[in-house]
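This report refers to the structure that appears directly beneath it.
The values are calculated or read from the model by the stated rules, or taken from the named source; none is laboratory data. Predicted, not measured: the structure shown is a model, and the values here were computed from it. Positions of Cβ are backbone-derived with ideal geometry, glycine not excepted, and every protein chain shown enters the neighbour counts.
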Ligand SMILES: N[C@@H](CCC(=O)N[C@@H](CS)C(=O)NCC(=O)O)C(=O)O
């Protein structure tokens, strides 16, 4: 990986953590530049024009080029490594769980964590308050699906950790901060204990 890598991030974000964890597991050097999303620092004209027109972190800067979307950045870092399975069906299964994470997991579990831990329930707008219960139910459904899958296996795909585990670990291990009780999901709890044993593992800030 010849070009310099810079992660535009807010260290409280699980989406940013996925990329830092991938880089750490692969011993890839990564510089970081911090933004405070609570202060709208990813919505400034400079950020929108130069970093990400969608106004969000994480963005992985590769030389002069910008790569938004956490899972795309993880893929870029892990290309050719053991974190992406060689076998085509397994590789597609890994993507299946990464898409699941973005559609069924992160919008519910990460959003409730953000609302409960960082905004505070009493400061939520009426539409946000109305979304809390549907998101809680959908988040529990995602956790139940993960738990059923993990009852049969140690890792999401094949017999080793892959980007699917990294993507899903980021917000599952802090799901309690969004008010999710993991007690009903014993297979998830065992898997959460397994991930930190990976060589090079780093904690979320
Ligand atoms: N699908 C995107 C989600 C990015 C995202 O939602 N980023 C949040 C922080 S985790 C953000 O930048 N929020 C600030 C804002 O919307 O102003 C990814 O996986 O990278």
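Residue count for the range 65-83 satisfying the condition of being in a loop (DSSP other than H, G, I, E, B) and either within 16 Å of the ligand (Cβ to nearest atom) or on the phi < 0 side of the Ramachandran plot (or both): 5.
Scanning the range 4-33 for residues that are more than 9 Å from the ligand (Cβ to nearest atom) and more than 17 Å from residue 64 (Cα to Cα) yields a total of 11. Taking the numbered list (1) within 15 Å of the ligand (Cβ to nearest atom); (2) part of a helix (DSSP H, G or I); (3) crowded, with 16+ Cβ neighbours inside 10 Å; (4) in contact (Cβ under 8 Å) with a residue 40 or more places away in the chain in turn, residue 135 passes all entries but (4). For the structure I just gave you, tell me whether residue 86 is more than 13 Å from the ligand (Cβ to nearest atom), at pLDDT 95 or above and part of a loop (DSSP other than H, G, I, E, B). Yes, satisfied.
Being modelled with pLDDT of 95 or more, in contact with a helix residue (DSSP H, G or I) (Cβ under 8 Å, 6 or more places away or on another chain) and over 24 Å from residue 84 (Cβ atoms) is not true of residue 200.
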